[in-house]
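Everything on this sheet refers to the single structure shown next.
The values are calculated or read from the model by the stated rules, or taken from the named source; none is laboratory data. Bear in mind the structure is a predicted one, so any value in this text is a computation, not a measurement. All Cβ positions, even for glycine, are placed from backbone atoms using ideal geometry, and neighbour counts span all protein chains on display.
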Amino acid sequence: MLYAFVDPAAGAPALGQEVWNSGNQTATTPWTSVANINVASKITGPGTYYLKIAAYVDYPGSNRQYAVGFDNVLLTWSGTTSASYPTDRPMIDPVNFYTAAGIERWSSFTETAQKNGGEIYYQLNADDGAGWRYWNGSNWVIASVNDYNTAAVINSNLGDFPTTTAKIKFKAFLASDGSQSVRLDQVNVGWGQQTGVSGYAISGWLESSAFNTGSQSSLNLISWDEETANCAPACDIKIQIRTAPNSGGVPGIWTPWFGLAGAGTYFTSPLEQLLSADLNFNQWVQYRAELSGDGSATPALKEIKINYTP
């Protein structure tokens, strides 16, 4: 049996308190969608609530195998009063530095966010003992508590940020007047690697925009057109695919990046190859291409073809 719970406390759920269960499943069944389960009786007021999903399996014999799963489980709610958000600029401070081995210069800084009239500000750190920096209009200087920049300002001036340690970390400040919901989903930092004698980068990557298939779709095949003969065998192109039920409005909804052998792997042949069934029944699709060369020449990716069935 499969269960869904909504609890006001963390920890293991208690059977009998679930908001939904599948009933006893005694045979193989296809994926089933269950929509709009009313959980109003469980959310009795403002606070923190835990959405829990569980599977209970009874093994009546030996050598049995079971495959069960949940996909895209969401808990939504609404209030009867105006929403109120922090006005003290709460901070997002990632724990680890990102290291760009062989970096020549930092090249871009972009954010994926929903601001609703608010703003997100940033400081940067190079792990060189100088601490947090901001762009003061002419240089990257030490920042005080209230010194920071928007992503656009950082993006325009990131080429001057220090590269001596090949490390970078950001700190984000979410600014709201109390009525604005400000959310940061993702930050991308671009950088250029040391180049060969002809000026080509040794490696690079491209992440496509999200493509709307129009409905929940099944992905079938992937192929692409490339030119790698000019620097074979050093030149290489490899691709990954991921999908989501919408274009990215909810964090964590995208599948992992998939390749030929599953999550975390790559497609390396441009010829038609089957896509994993784990990518199916979503509406949006993205690809990520990674290109590598020897510095004296570069591969070229001309076209990617993804066949799907709406």
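So here's what we get for this one:
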quantity	calculated
Those strands (runs of 3 or more DSSP E) lying entirely in the range 105-215 with at least 3 residues more than 23 Å from the chain's Cα centre (by Cα)	132-135, 140-142
Residue count for the range 152-172, restricted to those that are farther than 18 Å from residue 96 by Cβ, touching a strand residue (DSSP E or B) at 6+ places or on another chain (Cβ under 7 Å) and of a type in the set (Gly, Ala, Ser)	1
Residue under evaluation residue 275, criteria (1) over 25 Å from residue 112 (Cβ atoms); (2) surrounded by 18 or more Cβ atoms within 10 Å (Cβ to Cβ), criterion not met	(1)
All positions within the range 279-310 that are part of a loop (DSSP other than H, G, I, E, B) and of a type outside the set (Val, Ile, Thr)	280, 281, 293, 294, 295, 296, 297, 299, 310
So residue 44, is it under 20 Å from residue 71 (Cβ atoms), assigned by TED's automatic domain parsing to the domain that holds residue 67 and not acidic (Asp, Glu)	no
Residue among 223, 217 that alone is in contact with an Asp or Glu (Cβ under 8 Å, 6 or more places away or on another chain), touching a residue at least 12 places away in the same chain (Cβ under 8 Å), over 24 Å from residue 114 (Cβ atoms) and surrounded by 14 or more Cβ atoms within 10 Å (Cβ to Cβ)	223
Residue satisfying condition, being touching a residue at least 24 places away in the same chain (Cβ under 8 Å) and either within 26 Å of residue 131 (Cα to Cα) or loosely packed, with under 13 Cβ neighbours inside 10 Å (or both), within set 166, 152	166
Residue count for the range 265-310, restricted to those that are basic (Lys, Arg) and either touching a helix residue (DSSP H, G or I) at 6+ places or on another chain (Cβ under 9 Å) or within 19 Å of residue 213 (Cα to Cα) (or both)	2
Some residue of the range 58-73 being in contact (Cβ under 8 Å) with a residue 24 or more places away in the chain and either within 21 Å of residue 159 (Cβ to Cβ) or of a type in the set (Gly, Ala, Ser) (or both)	no
Residue within the range 5-17 that is under 24 Å from residue 78 (Cβ atoms), of a type in the set (Asp, Glu) and part of a loop (DSSP other than H, G, I, E, B) present	no
Tally, over the range 114-133, of residues that are surrounded by fewer than 18 Cβ atoms within 10 Å (Cβ to Cβ) and under 11 Å from residue 184 (Cα atoms)	3
Odd one out for residue 262 among (1) among the small types (Gly, Ala, Ser); (2) modelled with pLDDT under 90; (3) in contact with a helix residue (DSSP H, G or I) (Cβ under 8 Å, 6 or more places away or on another chain)	(2)
